[in-house]
Amino acid sequence: MASSSSADKPEDGACAGEGHSAVSEFLGNVELPATEAAMFAVVPLGWCPHLEGSVNPVPEGGLVTSTPCQQSGCEDTRENWVCLCCYGVYCGRFINEHMLMHHLESNHPLTLSYADLSVWCYPCDSYVHNIALLPAKRAAHLSKFGQDIPE
């Protein structure tokens, strides 16, 4: 992939972050102050091609972070993720891998962790932080902590 500015999107459906050498290029269009970017243990992608058309509006009733895994017979509540396409809730890979199975069956790419409110993109194999994800992150934060994300 050719070198690009931080505002450019990756070419040919490639995931952002490929071929970037600077953190500012890697973060893309996410406007995080340098000190806030340093708070991430793993620097998330600032953009990925799966943000477009894969993130549906948060359901009218919001999100409930205590929802158990919806896979029949599982109902685990320890490490659940919510699909940002259909808003199904399934357990993570360290429990019974039901969210991974959901992705493989549905091809829904993006999922939000109810544990730490991070977003994972399966096709890009990376965490993603982008303004398009804030409504879902806010709804989960409100459910989990009883307040909006602090400014």
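Can you work out which of the residues in the stretch 92-131 that are under 19 Å from Cys48 (Cβ atoms) and among the small types (Gly, Ala, Ser) is farthest from the chain's Cα centre (by Cα)?
Ser106
Only one of these conditions is not met by Gly13: (1) modelled with pLDDT of 85 or more; (2) open to solvent by 40 Å² or more (accessible area, probe 1.4 Å). Which number is it?
Against the list (1) modelled with pLDDT of 85 or more; (2) open to solvent by 40 Å² or more (accessible area, probe 1.4 Å), Gly13 comes up short only on (1).
Could you give me the residue pairs with C-beta distances under 7 Å whose first residue belongs to the stretch 35-54 and is closer than 17 Å to Cys121 by Cβ and loosely packed, with under 10 Cβ neighbours inside 10 Å, whose second residue is modelled with pLDDT of 85 or more and of a type in the set (Ser, Thr, Tyr) wherever it lies, and which are 6+ apart or on separate chains?
The qualifying pairs are Val42/Tyr127.
Collect the residues in the stretch 68-86 that are buried (at least 17 other Cβ atoms within 10 Å of the Cβ) and closer than 16 Å to Ser54 by Cα, keeping them in residue-number order.
Once the filter is applied, which keeps residues that are buried (at least 17 other Cβ atoms within 10 Å of the Cβ) and closer than 16 Å to Ser54 by Cα, the stretch 68-86 yields Trp81, Val82, Cys83, Leu84, Cys85.
Only one of these is in contact with a helix residue (DSSP H, G or I) (Cβ under 9 Å, 6 or more places away or on another chain) and either within 20 Å of Pro68 (Cα to Cα) or open to solvent by 50 Å² or more (accessible area, probe 1.4 Å) (or both): Leu112, Leu142, Leu133. Name it. Reasoning before the result, please.
Values: Leu142 fails: in contact with a helix residue (DSSP H, G or I) (Cβ under 9 Å, 6 or more places away or on another chain); Leu133 fails: either within 20 Å of Pro68 (Cα to Cα) or open to solvent by 50 Å² or more (accessible area, probe 1.4 Å) (or both).
Among Leu112, Leu142, Leu133, only Leu112 is in contact with a helix residue (DSSP H, G or I) (Cβ under 9 Å, 6 or more places away or on another chain) and either within 20 Å of Pro68 (Cα to Cα) or open to solvent by 50 Å² or more (accessible area, probe 1.4 Å) (or both).
The values are calculated or read from the model by the stated rules, or taken from the named source; none is laboratory data. Here the structure is a predicted model, which is why all the values come from computation and not from measurement. Cβ atoms come from the backbone with ideal geometry, glycine included; neighbour counts cover every protein chain shown. Note: areas computed on protein heavy atoms with side chains; ligands, DNA, RNA excluded. Shrake-Rupley method; radii C 1.70, N 1.55, O 1.52, S 1.80 Å.
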